[in-house]
Amino acid sequence: MLVFVFGIAISAQTAAVPVKPKFDAELAKKLGGDKNGMKMYVVAFLKTGPKDVPAGKERNELFQGHFANMNRLEAEGKLAVAGPFEKNDGGFRGLFILNAGTIEEARKLVDTDPVVKSGLMIVELYKWYGSAALTATPEIHKKIEQPGL
């Protein structure tokens, strides 16, 4: 009986050892990863701006333009990740992780957004070093987003 219990303990321990996936040099190059599989991005924090949100048609047009701009940036390979924050006391509205190498390049990208141009939102930009795999997020997202939403 003792040997049987010992055998199970060894099997459980062996099963817990992670197997490192094979390095894919082609994918790393495609995604722009360095030797650690990482790259430099710019994170954009979108915050409530000095202008009030208009009501009705004007508001709808501004936010339709905002979403169209995000779709354009994603199609150009410049927007890796985006999403809104829940209501908070810090004025944070949303987050972009931009596939941009410099703050200046990122500034040019976010300044094309109608909600930024209008003053409804302001943007804080910071360089950030993260997984190069983030640039594959939009492609993966399309596979998990339900049609018609």
Scanning region 92-117 for residues that are in a helix (DSSP H, G or I) and under 21 Å from residue 129 (Cα atoms) gives 103, 104, 105, 106, 107, 108, 109, 110
Subset of region 55-71, residues surrounded by 13 or more Cβ atoms within 10 Å (Cβ to Cβ), under 20 Å from residue 106 (Cα atoms) and among the aliphatic types (A, V, I, L, M), comes to 70
Filtering region 130-149 for residues that are loosely packed, with under 14 Cβ neighbours inside 10 Å and either in contact with a Cys (Cβ under 6 Å, 6 or more places away or on another chain) or assigned to a helix (DSSP H, G or I) (or both) leaves a count of 6
- Query: Would you call residue 77 surrounded by fewer than 17 Cβ atoms within 10 Å (Cβ to Cβ), touching a residue at least 12 places away in the same chain (Cβ under 8 Å) and in contact with a strand residue (DSSP E or B) (Cβ under 9 Å, 6 or more places away or on another chain)?
  - Reply: no
Note to self: Kindly evaluate residue 26 against the criterion of being at pLDDT 90 or above, surrounded by 14 or more Cβ atoms within 10 Å (Cβ to Cβ) and in a helix (DSSP H, G or I).
What the structure shows: no
Residue hits (region 11-23; of a type in the set (A, V, I, L, M, F, W, C) and either at pLDDT 70 or above or surrounded by 10 or more Cβ atoms within 10 Å (Cβ to Cβ) (or both)) are 17, 19, 23
Within region 110-149, the residues that are free of Cβ contacts under 8 Å to residues at least 60 places away in the same chain and either charged (D, E, K, R) or touching a helix residue (DSSP H, G or I) at 6+ places or on another chain (Cβ under 7 Å) (or both) are 111, 112, 113, 114, 117, 139, 142, 143, 145
Output for Cβ contacts, cut-off 9 Å, separation at least six or different chains, first residue within 9 Å of residue 42 (Cα to Cα) and modelled with pLDDT under 95 in region 88-108, second surrounded by 20 or more Cβ atoms within 10 Å (Cβ to Cβ) and of a type in the set (A, V, I, L, M), reads 101/42
Going through region 113-129 in order, the residues found to be crowded, with 16+ Cβ neighbours inside 10 Å and out of contact with any His (no Cβ under 8 Å at 6 or more places or on another chain) are 116, 118, 120, 121, 122, 123, 125
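The values are calculated or read from the model by the stated rules, or taken from the named source; none is laboratory data. Values in this document were obtained by computation on a predicted structure and should not be read as measured data. As a convention, Cβ positions derive from the backbone with ideal geometry for all residues, glycine included, and neighbour counts pool all protein chains shown.
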